Amino acid sequence: GPVATAGGLLFIAATKDGMIRAFDKRTGALLWSFTLPAAAFATPSTYMVGGMQFVVVACGGSKLGTPKGDSYVAFSLPK
């Protein structure tokens, strides 16, 4: 599933193509995308550390014929 931030971003990573994407939750416009090391059939999570917000997702793959993965990928959001 997706995760939404208070700033209006919607992150989705549960796709067979191994991408994580950020959308504007009001308009649906694609704002950003990144190719993950393996497909992330997981809901991203968001957290704060030292005033910085991060989004992290588990990249396990192995569903729907995708290669197996074993990593977590975290991104910092601009202030």
For the range 19-31, in residue order, the Karplus 3J(HN,Hα) values (coefficients 6.51, -1.76, 1.60; θ = phi - 60°; whole Hz; Gly and Pro = x) are 10, 10, 10, 10, 10, 6, 5, 8, 9, x, 5, 6, 9
Kindly rank 59-66, 45-52 from highest to lowest mean number of other beta carbons found within 10 Å of each residue.
59-66, 45-52
Counting only residues 5 or more places away or on other chains, whose amide H sits under 5 Å from the amide H of residue 15 once H atoms are built in the peptide plane?
40
Under the rule of at least 5 residues apart or a separate chain, name every residue whose amide H is placed under 5 Å from the amide H of residue 71.
59
Charge tally for neighbours of residue 35 with beta carbon under 12 Å away, counting Lys, Arg as +1 and Asp, Glu as -1, is 0
Cut-off 15 Å between beta-carbons: net charge of the residues surrounding residue 5, Lys and Arg +1, Asp and Glu -1
+3
Give the carbon-plus-sulfur fraction of the accessible surface of the range 1-74 in %, rounded to a whole number; probe 1.4 Å, heavy atoms of protein chains only.
60 percent
Through the Karplus equation 6.51 cos²θ - 1.76 cosθ + 1.60, θ set to phi - 60°, convert the phi angles of the range 6-17 into ³J(HN,Hα) values in whole Hz; use x for Gly and Pro.
5, x, x, 9, 10, 9, 9, 10, 7, 10, 5, 7
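The values are calculated or read from the model by the stated rules, or taken from the named source; none is laboratory data. What you see is a predicted model, and the numbers here were worked out from it, not measured in a lab. As a convention, Cβ positions derive from the backbone with ideal geometry for all residues, glycine included, and neighbour counts pool all protein chains shown. Heavy atoms of the whole protein, side chains included, go into the accessibility calculation; ligands, DNA and RNA do not. Shrake-Rupley method; radii C 1.70, N 1.55, O 1.52, S 1.80 Å.
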